[in-house]
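Report on one structure; see the data block that follows.
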Amino acid sequence: MKRKRLVMYSEFPTIRLRRLRHLKSIRELVRETRLLKENLIMPYFVIEGRAKMEPISSMPGIFRLSIDNLIKEIGQIYKLGIRDILLFGVTKKKDEIGSEAFKQEGVIQ
């Protein structure tokens, strides 16, 4: 009785079928990800004071802004078509329970 030799192919296929990628209309139809400016949310980090703008070293192009500068900045991104923002209040006083977030006169309340 002869034994059949098992051949295993571990290489990735050398031919990739791209029949769905030839026409732009088909590519748009089968595309999974659509990134639109309407889907973007701009984060802002708000600090106390006036006329303040502090760069955040770990986030190039992002700044900690005082309220007056924040209003100007929001006007600029609105003109670009970004309609959603997310505000983060930055405080100098921090404790274990985040009590500054509950103040009636907090940075972003």
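The values are calculated or read from the model by the stated rules, or taken from the named source; none is laboratory data. From a predicted model like this one, the values you see are computed outputs, not experimental measurements. No Cβ is skipped: glycine too gets one built from the backbone with ideal geometry, and neighbour counts run over all protein chains shown.
Collect the residues in the stretch 38-61 that are outside any loop (DSSP other than H, G, I, E, B), β-branched (Val, Ile, Thr) and surrounded by 14 or more Cβ atoms within 10 Å (Cβ to Cβ), keeping them in residue-number order. Step through it out loud before you land on a result.
Of the stretch 38-61, the ones outside any loop (DSSP other than H, G, I, E, B) are 38-39, 41-46, 53-55.
After this cut, where a residue has to be β-branched (Val, Ile, Thr) as well, the list is 41, 46.
Selection gives Val46 alone.
In the stretch 91-109, which residue that is closer than 22 Å to Met53 by Cβ and among the aliphatic types (A, V, I, L, M) is nearest to the chain's Cα centre (by Cα)?
Ile108
Looking at the stretch 76-90 only, could you name the residues that are of a type in the set (A, V, I, L, M) and under 14 Å from the mean Cα position of the chain (by Cα)?
Filtering the stretch 76-90 for residues of a type in the set (A, V, I, L, M) gives 77, 80, 82, 85-87, 90.
Once the filter is applied, which keeps residues that are of a type in the set (A, V, I, L, M) and under 14 Å from the mean Cα position of the chain (by Cα), the stretch 76-90 yields Ile82, Ile85, Leu86, Leu87.
Table: residues versus (1) surrounded by fewer than 12 Cβ atoms within 10 Å (Cβ to Cβ); (2) aliphatic (A, V, I, L, M); (3) modelled with pLDDT under 90; (4) not in a helix (DSSP H, G or I).
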| position | (1), (2), (3), (4) |
| --- | --- |
| Lys72 | yes, no, no, no |
| Gly81 | yes, no, no, yes |
| Ile85 | no, yes, no, yes |
| Lys94 | yes, no, yes, yes |
| Glu105 | yes, no, yes, yes |
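For Arg64, are the conditions met, namely being touching an Asp or Glu at 6+ places or on another chain (Cβ under 8 Å), on the phi < 0 side of the Ramachandran plot and assigned to a strand (DSSP E or B)? Walk me through it before giving the result.
On the way: touching an Asp or Glu at 6+ places or on another chain (Cβ under 8 Å): yes; on the phi < 0 side of the Ramachandran plot: yes; assigned to a strand (DSSP E or B): yes.
For Arg64, the condition - touching an Asp or Glu at 6+ places or on another chain (Cβ under 8 Å), on the phi < 0 side of the Ramachandran plot and assigned to a strand (DSSP E or B) - is met.
If you take the residues in the stretch 3-26 that are assigned to a helix (DSSP H, G or I) and at pLDDT below 80, which one is nearest to Ile77 (Cα to Cα)?
Ranking the candidates gives Arg21 first.
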